[in-house]
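See below for the structure under consideration.
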Amino acid sequence: MDRTELRKLAWLGAAATVPLVITATANAYLFELPVVIAFLVSAMQSAALPLALTRPWPATLLQFAAIGLCARFLPAYGEMWPLPVPLMILLIAHIGLVGLRSRWPVALSVWVAAALFSTGTALFGPGGQEEYTLATLGVYLTNSAFALLGALLWGQRTRVSRQLAEVRRDFAAEHAQRMIVEERSRIARELHDVVAHGMSVVHMQATSAPYRIKGLNVETVTEFKQIAAGTRSTMHEMRQLLAVLRDETADVPVRPASGLGDLGELAESARRGGVPVQMEISAALDASKIPDALGLVAYRIVQESLSNVIRHAPGAATRVTVTVGGGELLVEVANEEAPARAGAPPPVDAGERTGHGLAGMRERARLAGGTLTAGPLSTGGFRVAATLPLPSPVPRQEDGL
């Protein structure tokens, strides 16, 4: 039994002890019940009160036993026979508790049963048809009816309030979901109208350049074709992203995710962008044994790092190292300081270092269970290093180039 249940039992015990002491004293000294009988009557009624919250009919039978015991030993005279004030108060409280916690048919049945039992006890007891007996019954029936009605109304109010709260929660959740869908649609529209449009323009210019510009050499034409191919690939991925943003349940056909096996192509793309990249991959690394999700994380980290070099340090010599050791995949991208060249164009993001790319790489590494560090080198370059845990042991061999 946990602390919560013990605390509830303690409160119920305290709540039953208070009326037990008060009503037993009043029954004994005000209504001349024998002390033992007064204690038994009050004990049965007090025990019935918390029981009424969960077991209304057993609690009602306990109340009936208390009424019968009281009527048997209560002197057949006085103005409150056979329901002295303490007994009547606890019986009315019992009716109210049943009305609060039970459905109205059960509560009404309990009230009718209590009314019939009390009336039968009064009419066929020693008090008979005395006026004070009928007056006592009238007081009990009136007050218990009001108590039942108030309890039913309050219980109905509580249930309605609970239902309204549930409706509000459902509405809030639906509203939040709708806002998410609307935001996703807005982002999709922005991507389509701005990024996709810009990529389409680049693709059109790169494709049409050999026909619009006369006298291009073979290297330049090849470069334009590579630019066109890169934009087509980017637009293909953009369309898939837009489809997911517009409908997250859509079954979007996607090509296999990039991984460690695509790093060579990625390095070649960076070289075409003017960055001399040296790729060093451990001979102990078998890309086919690396999980696709982990391979994608490593690929995106290298991709973003090379993109940063192109944007912030164009032309800087860069070394990409991927090794395996200690059950971890180690990825490092380090570049030297950008060479000073007369007439060289400024960095793409000059003056706009927002740090979103580094934050994204750190988040990818964290979701994969690893860590990522990034910072400038003493020689003037920049280094990004990620440590990604492998889900299963990879056979360790001597590293090679």
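The values are calculated or read from the model by the stated rules, or taken from the named source; none is laboratory data. All of these numbers come straight from a predicted model, not from anything done at the bench. When we count neighbours, we look across all protein chains shown, and the Cβ atoms used for this are built from the backbone with ideal geometry, even at glycine.
At a glance:
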read-out	value
Unique residue being under 30 Å from VAL320 (Cβ atoms), at pLDDT below 85 and either outside the structural domain of SER288 (by TED's automatic domain parsing) or in a helix (DSSP H, G or I) (or both) when the list is ALA176, ALA250, ALA206, ALA243	ALA206
Among (1) over 20 Å from THR119 (Cβ atoms); (2) of a type in the set (Gly, Ala, Ser); (3) over 38 Å from the mean Cα position of the chain (by Cα) - the single one ALA52 does not satisfy	(3)
Residue among VAL85, VAL110, VAL139 that is within 43 Å of the chain's Cα centre (by Cα), of a type in the set (A, V, I, L, M), closer than 28 Å to THR25 by Cα and at pLDDT 80 or above	VAL110
Among the candidates PHE73, PHE39, PHE64, residue that is without any contact (Cβ under 8 Å) to a residue 40 or more places away in the chain and aromatic (Phe, Trp, Tyr)	PHE39
